[in-house]
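The values are calculated or read from the model by the stated rules, or taken from the named source; none is laboratory data. A quick note: this is a predicted structure, and the numbers were derived from the prediction, not measured. Reconstructed Cβ throughout: ideal geometry from the backbone, glycine too, with neighbour counts over all protein chains shown.
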Amino acid sequence: MTVPPDPVRFVDLGAAHAELASEIEPQLLEAMSTARFIGGAAVDAFESEFAEYLGAPHVVGCANGTDALMLALRALDIGPGDEVLVPAMTFVASAAAVSLVGARPVFVDVDPSTCLIDLDRLERAVTPRTKAVVVVHLYGKAVDMDAVRRFAASFGLSVIEDAAQAHGARWRGARVGTLGDVGCFSFYPGKNLGAYGDAGAVACRDERLAQSIRSLANHGRDSHTSHSRIGMNSRLDALQAIVLRAKLTRLDRWNEIRRSIARRYDEALRGTGCTPLDRTGGDDDVYHLYVVRVRGRDAVQSALRADGIETGVHYSTALHQLPAYDADLSLPAAEAIAATVLSLPMHPHLTDTEVERVVAGVRRCVRA
Ligand SMILES: *Cc1c(COP(=O)(O)O)cnc(C)c1O
């Protein structure tokens, strides 16, 4: 009897650690024995290395990606009575952060071929209360930031980039997260740049905004004894910074591997009933997720699971239809996407054999 092979993992953080172990384990032990856990040299070094990588004048580390968005919104003075435009297809945190600062997310439908915010619909969603737009570089693909900036300038809105899925992605050569007023990153373990726990960061050009974010993230503190505003406790810790520094040196190479896996999937899935998203200009895409649209998605996902292939669904419900929002709206593209998207295994430690198993499995399951 032959033993079935191990499943093809959707993400494989163990394989990533194996690559990093000899480099970071001594540093983590050293940091533990010196007991400097919050802030310190590793955090300062990571902030400046990530700023340099992005080409952003300022980076402020924080506790997670949701806090990064909340800090950006609060620093831009967005709160009760304000409206913020948010795509209806994204991770819930893109909108929850808006709600958590007391403002109202206004859901905008997405483009059915890319799943990114539909730029033609932005203008119609503007009201006198609109203060900002949160653009999400969903699945690792940059939104057209020229169009977003033109739109925002013509209505006097702030632009917040949710780059939680797009570390290293570019728009016309510039890294995403540097193209709006504030760029927000999550380092949740499964992201392209992931910590060993929760972590996040905010990038911006304006020095006063950066200072304001740093103070808000540290209890609203301006000096050791003075607190001018009610802030949060949202700081990056030293152990996470050690991990992030090591992974940052590998990010471009890992993203290049993701792109080459995506090219193989693109080519192999042509003519099957599985339609990859439109990733025209995909050279700057970092494929946090490789998403296809397929009819009978749930059945295809079960068949793949039985075949030893792990997949994901991002996301099974458009935000306006979540119980948390339950908005009386019809956003047909986001709703159709929620019913048909399937994310195939995608991480930089997938082997060629595993990629071929995914391709063969998809061909079998979609035909069946
Ligand atoms: C992961 C993610 C977030 C939230 O990040 P956390 O670190 O989990 O708080 C926000 N937006 C998007 C698009 C994400 O994928």
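Take GLY173 and decide whether it is within 15 Å of the ligand (Cβ to nearest atom) and either small (Gly, Ala, Ser) or in contact (Cβ under 8 Å) with a residue 24 or more places away in the chain (or both). In short, no. Looking at LEU69, LEU73, LEU85, just one residue is more than 12 Å from the ligand (Cβ to nearest atom), at pLDDT 95 or above and part of a helix (DSSP H, G or I), and that residue is LEU73. Per the listing VAL92, VAL84, VAL98, VAL110, the residue uniquely surrounded by fewer than 19 Cβ atoms within 10 Å (Cβ to Cβ), of a type in the set (Val, Ile, Thr) and under 21 Å from the mean Cα position of the chain (by Cα) is VAL92. Give the residue that is farthest from the chain's Cα centre (by Cα), with candidates limited to residues of the stretch 169-191 that are of a type outside the set (A, V, I, L, M, F, W, C) and buried (at least 24 other Cβ atoms within 10 Å of the Cβ). This residue is GLY180. Whether a residue is within 16 Å of the ligand (Cβ to nearest atom) and in contact (Cβ under 8 Å) with a residue 60 or more places away in the chain was assessed, and SER186 passes this test. The number of residues in the stretch 38-51 that are surrounded by fewer than 15 Cβ atoms within 10 Å (Cβ to Cβ) and of a type in the set (Asp, Glu) comes to 1.
The number of residues in the stretch 299-315 that are in a loop (DSSP other than H, G, I, E, B) and surrounded by fewer than 19 Cβ atoms within 10 Å (Cβ to Cβ) comes to 4.
Taken as a whole, the condition of being more than 17 Å from ALA246 (Cα to Cα), away from the ligand (no atom under 14 Å from the Cβ), without any contact (Cβ under 8 Å) to a residue 40 or more places away in the chain and surrounded by fewer than 23 Cβ atoms within 10 Å (Cβ to Cβ) does not apply to PRO57. Candidates are the residues of the stretch 278-298 that are part of a helix (DSSP H, G or I) and modelled with pLDDT of 95 or more; the one that is surrounded by the fewest Cβ atoms within 10 Å (Cβ to Cβ) is ASP298. Only a single criterion out of (1) touching a residue at least 60 places away in the same chain (Cβ under 8 Å); (2) more than 13 Å from the ligand (Cβ to nearest atom) is not satisfied by SER48, namely (1).
Filtered by the rule that a residue be among the small types (Gly, Ala, Ser) and either modelled with pLDDT under 95 or in a helix (DSSP H, G or I) (or both), the stretch 88-113 gives ALA93, SER94, ALA95, ALA96, ALA97, SER99, SER113. Considering (1) within 24 Å of GLY14 (Cα to Cα); (2) of a type in the set (A, V, I, L, M); (3) crowded, with 20+ Cβ neighbours inside 10 Å, the lone condition that ILE337 does not fulfil carries the number (1).
Considered as a group, the residues in the stretch 144-167 that are part of a loop (DSSP other than H, G, I, E, B) and surrounded by fewer than 24 Cβ atoms within 10 Å (Cβ to Cβ) include one that is farthest from the ligand (Cβ to nearest atom), and that residue is GLY156. Is one or more of the residues making up the stretch 17-37 surrounded by fewer than 23 Cβ atoms within 10 Å (Cβ to Cβ), among the β-branched types (Val, Ile, Thr) and either more than 16 Å from the ligand (Cβ to nearest atom) or closer than 24 Å to ALA97 by Cβ (or both)? Looking through the stretch 17-37, at least one residue is surrounded by fewer than 23 Cβ atoms within 10 Å (Cβ to Cβ), among the β-branched types (Val, Ile, Thr) and either more than 16 Å from the ligand (Cβ to nearest atom) or closer than 24 Å to ALA97 by Cβ (or both).
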